[in-house]
Amino acid sequence: MRNVIMYAFRLTIGKMIEMSFLDNYKRVVIKIGSSTLTHAETGSLNFSKMERLVRSICDYRNSGMDVCLVSSGAIAVGRDVIGIKERPSDISIKQACAAVGQGRLMMTYQKLFSEYNQNSGQVLMTKNTIVNPVSRRNVMNTFEELFDLNVVPIVNENDTVSTYEMQFGDNDTLSAIVTSITKADLLILLSDIDGLYSDDPHDNPDAKLIREVDTLDRKILGMAKSSTGSDVGTGGMATKLTAAKIATYSGADMIIANGGNMGILYDIMNDRYTGTLFHRAKDAEFVLADYIQREMAPTSTGGQ
Ligand SMILES: Nc1ncnc2c1ncn2[C@@H]1O[C@H](COP(=O)(O)OP(=O)(O)O)[C@@H](O)[C@H]1O
Ligand SMILES: N[C@@H](CCC(=O)OP(=O)(O)O)C(=O)O
């Protein structure tokens with residue numbers, strides 16, 4: 001009898017743990033950075049990490065959530081394929097690398113997703129896609145349709161056509177905008193670091209991990225530096241806090257966690273992760289269109 005009670009207890013607790021994440025979140029955007037997707041020594045794709053990322057996403061899907069992946073890596077992968085050792089500063093070289101790398105990335109993702117019978121589709125965006133209300137509406141419809149059709153959208157900036165004036169430049173901001181327009185309730189940024197520290201831990205060994213952020217006040221914003229931890233990362237922690245503003249004001253929670261170990265997505269699912277949780281803003285009156293008007297100078301030319 002005791003065993004039966006223990007079993008029922010464990011089952012209930014197990015279900016509660018399993019359910020806690022599902023109860024809170026129905027649609028999640030996961031962003032993975034170039035440094036997490038590639039081997040630091042060579043810049044080549046890290047297939048085993050990609051495999052575990054894809055498997056976790058399929059598990060999230062199987063547990064009833066809509067999932068959207070925002071994947072960086074086009075430039076880093078293109079660089080590796082073409083054989084460019086130094087980080088390029090010339091925009092046309094970056095664009096050429098992205099043209100090669102984006103195809104390689106999608107080929108790999110689609111192969112991996114197909115192993116789990118999961119369809120995936122590519123959505124490439126520029127700042128103009130968001131600034132222009134017509135193309136913004138179009139991309140919103142596309143996302144909704146993809147979710148309805150049980151497809152995992154894989155998003156990146158359309159680096160091959162975005163010129164300096166019309167680029168997001170970093171996928172942290174892009175992923176937060178995707179969170180806002182898809183009305184997702186959680187954004188997970190997988191980085192090369194455990195979360196937001198009181199200072200860049202690569203420069204300051206005394207920096208402490210901040211576990212939870214309720215309000216994005218000056219003190220918090222002042223902690224983030226734009227220094228990056230790798231040869232392929234863009235934006236550092238500064239762009240992640242910009243993302244936190246957009247996501248939390250849009251009504252989503254946001255987590256920064258270390259993608260070094262892909263098991264982190266299961267830990268997040270079970271509420272047992274190490275990282276920084278930014279709580280959604282209460283009573284925020286955030287209108288994405290207003291934010292775009294204010295923060296993103298409209299441009300008249302360019303691809304959508
Ligand atoms: N306050 C901070 N807390 C944590 N990391 C910080 C902070 N300020 C700057 N950083 C840097 O941000 C890096 C992560 O951003 P980035 O290199 O762009 O990686 P990703 O590819 O994950 O986007 C860290 O490795 C770290 O060097
Ligand atoms: N769109 C670019 C990535 C830009 C970016 O934000 O990179 P990262 O800091 O690695 O997330 C690419 O695919 O190479």
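The angle between the Cα long axis of helix 171-181 and the longest principal axis of the Cα atoms of the chain comes to about 70 degrees, rounded to the nearest 10. For segment 64-166, the set of GluC sites (Glu not before Pro) satisfying both a DSSP loop assignment and a count of at most 15 other C-beta atoms within 10 Å is given as E86. Between the residues L105, N158, S120, the greatest Cα displacement towards the positive end of the dipole of segment 26-295, with unit charges on the Cβ of Lys, Arg, Asp and Glu, is found for S120. The C-alpha atoms of the chain define a longest principal axis, and helix 133-148 lies at about 40 degrees to it. Global dimensions of the chain from alpha-carbon coordinates: Rg and Dmax equal 19.3, 73 Å.
Can you tell me the orientation of helix 236-249 relative to the chain, as the angle in degrees between its alpha-carbon axis and the longest Cα principal axis, to the nearest 10? Result, in degrees: 60. For segment 26-295, the relative contact order works out to 21 percent when only alpha carbon pairs closer than 8 Å and six or more residues apart are counted.
What value, in deg cm²/dmol to 500, does the helix sum -39500 (n - 2.57) over DSSP H runs of n ≥ 4 give at 222 nm once divided by the residues of the chain? Please report the intermediate quantities before stating the final value.
Numbers: 12 runs with 143 residues, N = 304.
After summing the helix terms and dividing by residue count, I get -14500 deg cm²/dmol.
Estimate the FRET efficiency between Y266 and A289 by the formula 1/(1 + (r/R0)^6), using the beta-carbon distance for r and 35 Å for R0, to the nearest 0.05.
Working: r = 37 Å, r/R0 = 1.04.
That pair, Y266 with A289, gives E of 0.45.
The fraction of accessible area contributed by carbon and sulfur in segment 26-295 is 47 percent, rounded to a whole number (1.4 Å probe; ligands and nucleic acids excluded). Using Cβ point charges alone (K and R +1, D and E -1), the dipole size of the chain about the Cα centre works out to roughly 460 debye. Computed from backbone phi, the HN-Hα couplings of segment 253-268 come to 7, 9, 10, 9, 9, 8, x, x, 10, 5, x, 4, 5, 6, 4, 5 Hz, rounded to whole numbers (Karplus: 6.51 cos²θ - 1.76 cosθ + 1.60, θ = phi - 60°; Gly and Pro given as x).
What does the convex hull of the Cα atoms of segment 48-98 come to per residue, in Å³, rounded to a whole number?
Working: hull volume 4.3 nm³, N = 51.
It comes to 85 Å³ per residue, whole-number rounded.
Only one residue of F147, F278, A76 has its Cα farthest out toward the positive end of the dipole of the chain, where Lys and Arg carry +1 and Asp and Glu -1 on Cβ, and that residue is F147. Debye sum, Cα scatterers, segment 78-170, no solvent: what log₁₀ I/I(0) at q = 0.12, 0.26 1/Å? Reported log10 I(q)/I(0), two decimals: -0.46, -1.25. Taking the Cα centre of segment 43-171 as reference, the dipole from Cβ charges on Lys and Arg (+1) and Asp and Glu (-1) amounts to some 260 debye.
The values are calculated or read from the model by the stated rules, or taken from the named source; none is laboratory data. For clarity, every value in this text was computed on a predicted model and none was experimentally measured. Cβ: placed from backbone, ideal geometry, glycine included. Neighbour counts: every protein chain shown. For accessibility, only protein heavy atoms count, side chains too; no ligands or nucleic acids. Shrake-Rupley method; radii C 1.70, N 1.55, O 1.52, S 1.80 Å.
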